[in-house]
Amino acid sequence: GITESFGTAIHSLGAAQLTGTVINRSKRMILDTLGVGLIGTRTSVFNKVLTHSQERSSVWGNSDLSLPPQFAAFVNGVASQVHSMDFDDTWHPATHPSGAVLPAVLALAETLPSRPSGLDLLLAFNIGIEVQGRLMRFSTEAYNIPEFHPPSVVGVMGSAAASAKLLGLTPAQCSHALAIAASSAGAPLANAATQTKPLHAGNAARKGLEAAQLAHIGLEGNPAILDIDRGFGVYYKDYSPEPLADSSSSGYRWILDDQAVAVKRIPAHLGMHWVVDAALNARRKLENTVRGFDLSQIRKVTLRVPPSKYVNCPTPTSEHQARHSFQFNACSALLDNKVTVETFSEAQMKRPALTELLSKVEMETPKDNQPSFDKMYCEVQIETHDGQLCTARCDTFYGHWRKPLSNKDLVEKFSVNASSVLSTQGVEGVIDVV
């Protein structure tokens, strides 16, 4: 059966089957996720869940504190969603693959009687990523934005798979781990742009790890959980699962071989990267064509973006709404000629100049602009009081899987994020290890 094939694959895939592309891409993902997770430990939502979860694995950015592994996975997952700042990687179909898996793998590794090797960790991480990618390809609906937040559904399964691999579970136990995890899956998209959204990654990491631990001690679930509509199929209307290819083959083809992730340059929803790049280009064009230009000359800003169920916050009142606002991110880019971590601070958000610029924004959703991270575009048009128009469009931002960050820029992102917590020596040490 399908679930059985997944259990067999989780058990039998080996490090020798990792391709050079997968190793390179996954190392980049790990380094980026660690950096995002470290800077995420400085957020208020991280501190709230940390207070909630006190007790024996390391907490990122807090070397003197340890928790039970499932809670360490939870708080580190929140930090790294690696999403408390919406700074984590994004895949296609849409999900945040690393934030649910890496915290679970690292927390579990600290508790094992024999410490796993770096290659063991890399293999477990990649199995967690692979399971997510395979599950999302069981439905064409996954290529659109579903009613649930994807990391809460496929992320918990990835965490369970990665943890099962690290624990050395049998094929049957791996299948049970997936079944147990499936009963903890799901979170509504309505909690996007709130402090609850980061909990989705934290809960996925925690519950997946717990599922593998429970399977390890003999707890069982439905061994056909992936085969049936009333199993994992409840999350997709057009669920059509297929068994995994022969996982014993030396030529096993990983999803990550064919589909890289997008790495964010700014701590915001991925869609914001298109509108920020378009806004920056529009500003440059305007500065080159209008002598002595300043923002007071703007009469109207038109944003042409894809339709969205939740990325439309014209006047955000919280940092989480701002991270999901085309209007806020475009105006911040126009005002400051950049978007950074500080952009989403309360002081920056309350600036009168920003409020005034936001009042001039109109948003359009052209029919040809599809709400897909693989097909969408953003266009920014600035109209001045004297009638001049300046338009810029972004089809692929720098950091997208079609236009990946250079290793130099990815390491720079990690260094800036990690230095908020670690010493220079510590930052360089993590880079060397990864």
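The accessible surface of the chain, taken with every protein chain in place and a 1.4 Å probe, is 51 percent carbon and sulfur.
Available extension along the chain between residue 143 and residue 224 is 26.7 nm, counting 0.36 nm per residue and deducting the alpha carbon span. In summary, the lysines within cross-link reach of residue 360, defined as a Cα separation below 29 angstrom excluding same-chain residues under 8 places away, comprise 264, 285, 300, 309, 338, 350, 375. Here the range 270-394 is assigned +1 on the Cβ of each Lys and Arg and -1 on the Cβ of each Asp and Glu. Its dipole about the Cα centre then comes out at about 140 debye.
Each Lys and Arg contributes +1 and each Asp and Glu -1, all at the Cβ; summed about the Cα centre of the chain, the dipole is approximately 680 debye.
Simple rule: put +1 on each Lys or Arg Cβ and -1 on each Asp or Glu Cβ in the range 2-265, find the dipole, and look at 239, 6, 123; the Cα lying farthest toward the positive end is 123.
From its DSSP helices (H runs of at least four residues, each -39,500 (n - 2.57)), the chain gives a residue-normalised ellipticity at 222 nm of -14000 deg cm²/dmol. At q = 0.15, 0.19 Å⁻¹ the log10 of I(q)/I(0) for the range 270-394 amounts to -0.62, -1.00, computed by Debye summation with a single uniform scatterer per C-alpha, solvent ignored.
Partner aspartates and glutamates whose Cα lies under 16 Å from the Cα of residue 197, excluding those fewer than 8 positions away in the same chain, are identified as 86, 88, 89, 147, 319. Protein heavy-atom accessible surface, 1.4 Å probe, per residue over the range 2-265: 34 Å². Rounded to the nearest 20 debye, the dipole size of the range 107-220 about its Cα centre is 100 debye, using +1 on the Cβ of Lys and Arg and -1 on the Cβ of Asp and Glu. Ranked by the mean number of other Cβ atoms within 10 Å per residue, highest first, peptides 175-188, 221-234, 154-167 order as 154-167, 175-188, 221-234. For the pair the range 371-429 / the range 196-228, the C-alpha centres are spaced 34 Å from each other.
A Förster radius of 30 Å, combined with the Cβ-Cβ distance separating residue 257 from residue 170, puts the computed FRET efficiency at roughly 0.65.
Applying 1/(1 + (r/R0)^6) with R0 = 35 Å to the Cβ-Cβ distance of residue 12 and residue 240 gives a FRET efficiency near 0.90.
The values are calculated or read from the model by the stated rules, or taken from the named source; none is laboratory data. Keep in mind the model is a prediction, meaning the values are calculated, not measured. Glycine also receives a Cβ, built like all others from the backbone with ideal geometry; neighbour counts cover every protein chain displayed. These accessible areas exclude ligands, DNA and RNA; they are computed on the full protein's heavy atoms, side chains included. Shrake-Rupley method; radii C 1.70, N 1.55, O 1.52, S 1.80 Å.
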